[in-house]
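What follows is a short report on a single structure.
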Amino acid sequence: MMILGLVRWMQPVHGYDVRRELLSWSADKWANVQPGSIYHALRKLTEEGLLRAVATEQVGARPARTTYEVTVKGEDEFETLLRNHWWNVSEPTDPFVAAFSFLPAMPRDEAAAALRNRANLLRAGVDSMRASLGSDWVRNRKPTHVGWMFELWSARAEAEMTWCERIAERIDSGVSYLPAELDEEQGWSGWRDGVEPPATDTE
């Protein structure tokens, strides 16, 4: 959606300018758009009929540059994706959630320390975003909704900071990782705090 939207907004546009614009937005950090994949994505969208190459030019020894426009099919696809993301909630993939599901495998003191460290890293990010929100760069040189996006990211980070600190306190207090009903059942031994999982016979 990001690439379709940018071509639609800037058309006719070279792939180089699409890449430069995405990098200026730091889209590789929040939109899962990797700089190295942009040219491939442009070619793939063209093959799918969502974009069309309107010209290819080469200046001197520089690599040839192709100019793209959105097709009618691409316009429809962008509108569909745009409204789908506006009207639906999609949970982002976070490797930390996968790691947290194995909380009992971490020593308690290390788990609590790691959560407090995560809170500190998030706090630093929030401080940076607040500084950006108050800067001339955001207030006068970016669209208003860019500041609103910073506010969203700050609110999410602040909520996670509070959660990290709260869970670190519970871990320090010695709260059991298993309810009493599960503690006596078979199949949960590997989830007890400080217990090594049973060895697996690999022969």
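A few comments on the model shown:
- Net length gained if the chain between E151 and E91 were fully extended (0.36 nm per residue, minus Cα distance): 19.8 nm
- Judged by the ratio a/c of the largest to the smallest principal axis of the C-alpha gyration tensor, region 78-169 counts as oblate, that ratio being 1.5 or greater while a/b is no larger than b/c.
- Mean Cα-pair separation over length for region 51-160, i.e. relative contact order, pairs under 8 Å, 6 or more apart, %: 16 percent
- The heavy atoms of E75 present about 60 square angstrom of accessible area, all protein chains included, probe 1.4 Å.
The values are calculated or read from the model by the stated rules, or taken from the named source; none is laboratory data. Note that the coordinates shown come from a computational prediction; the quantities given were computed from them, not determined experimentally. To get the accessible areas, we keep the full protein, side chains included, count just its heavy atoms, and leave off ligands, DNA and RNA. Shrake-Rupley method; radii C 1.70, N 1.55, O 1.52, S 1.80 Å.
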